[in-house]
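So the structure is just underneath, and the comments pick up after that.
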Amino acid sequence: MTTEPDATAPPKDYRLLVPRDWFRIDLTQERWRAQLKTFVDHQAEGKNVPAEIKQETWATLRNTAEAGVRSGALEFFLRPELEGGGILPASLIVSLIPRRGGLTPRDLRELLEAKQRQNPAGVEVSTVSLPAGEAVRVVGPTTLDLYVQMPGGVGYLALAFAVPLSGVTGPMRRLCDSIAESLRWIV
């Protein structure tokens, strides 16, 4: 006789489907800086990108990754986009936010809404249902953050998309939503 997985047990891992052209950097490994450098070098290769733009892009991405690592980031995905000789990738940072206690998605949404009222920046906060569970969505002009509640009340998995060129509208919004909807828990 088979039994169904316990929906209240914490997951062992997650699965997320990201398009093949997105470069994956494992932030749990020490080699992430070298992987990031490889991405920047590859994107600039043969495109006459000025050295200062290449260095600025490397520094921005490195700072983003370092901040992510300090905040529990697990993976950093980069989608190559080139505009006007600059390298401005769309990105996704996947982070684990451990949270013991009863912070429900509704509670989290209310906290984020209160924070937005103090610093209005044209951000929209809502609660959405994903196949992986209830989530809080925060949408700004060039960002889309989703905080997906993990089974077992152990916290949230945060999916932080940044789309500096086109913003999170149209096809990029649909792509970000599709990636988020692909999230599944491994129990």
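The values are calculated or read from the model by the stated rules, or taken from the named source; none is laboratory data. Source: prediction; values computed, not measured. With ideal geometry, Cβ positions are generated from the backbone for all residues, glycine too; neighbour counts draw on all protein chains shown. These area figures cover heavy atoms from the full protein model, side chains too; ligands, DNA and RNA do not enter into them. Shrake-Rupley method; radii C 1.70, N 1.55, O 1.52, S 1.80 Å.
The GNM of the chain, with springs linking C-alpha atoms under 10 angstrom apart, assigns the highest mean-square fluctuation among I25, I93, I53 to I53. Taking GluC sites (Glu not before Pro) across segment 36-78, the ones in a DSSP loop with at most 10 further Cβ atoms lying within 10 angstrom of their Cβ are E45. Placing unit charges on the Cβ atoms of the charged side chains and taking the dipole of the chain about its Cα centre, the candidate lying farthest along the positive direction among F23, P131, V154 is V154.
If you take the square roots of the eigenvalues of the alpha-carbon gyration tensor of segment 103-187 and sort them as a ≥ b ≥ c, do you get rounded (a/c under 1.5), prolate (a/b over b/c) or oblate? Cα axes put segment 103-187 in the oblate bin. Fully extending the segment from R20 to S126 would add 35.2 nm, taking 0.36 nm per residue of separation and subtracting the current Cα-Cα distance. A value for volume of the Cα convex hull per residue in Å³ was derived from the coordinates, and within the list [x] 143; [y] 114; [z] 134 it appears as [x]. Summed over the residues of the chain and divided among them, the accessible surface reaches 56 Å² per residue at a probe radius of 1.4 Å.
Ignoring lysines fewer than eight residues from K47 along the same chain, the ones with Cα atoms less than 19 angstrom from its Cα are K37. Panel values: segment 137-187, Kirkwood radius from alpha carbon pairs, Stokes-Einstein at 37 °C and 0.692 mPa s, translational diffusion coefficient 281 µm²/s. Charge dipole of the chain (Cα centre as origin; +1 on each Lys and Arg Cβ, -1 on each Asp and Glu Cβ, all else neutral): 160 debye, rounded to the nearest 20.
Quick one: order F161, F23 from most to least accessible surface, probe 1.4 Å.
On the way: F161 5, F23 70 Å².
Solvent-accessible surface, decreasing: F23, F161.
Compute the acute angle (0 to 90°) between the alpha-carbon long axis of helix 32-44 and the principal axis of greatest extent of the alpha-carbon atoms of the chain; round to the nearest 10°. Relative to the chain, helix 32-44 is tipped by roughly 50 degrees.
The length gained on full extension between E66 and L96, counted as 0.36 nm times the residue separation minus their Cα-Cα distance, comes to 9.3 nm. The phi torsions of segment 10-26, fed into the Karplus equation with coefficients 6.51, -1.76 and 1.60 and a -60° offset, translate into couplings of x, x, 7, 6, 9, 10, 9, 8, 10, x, 4, 7, 8, 7, 9, 10, 7 Hz, rounded to whole numbers, with Gly and Pro shown as x.
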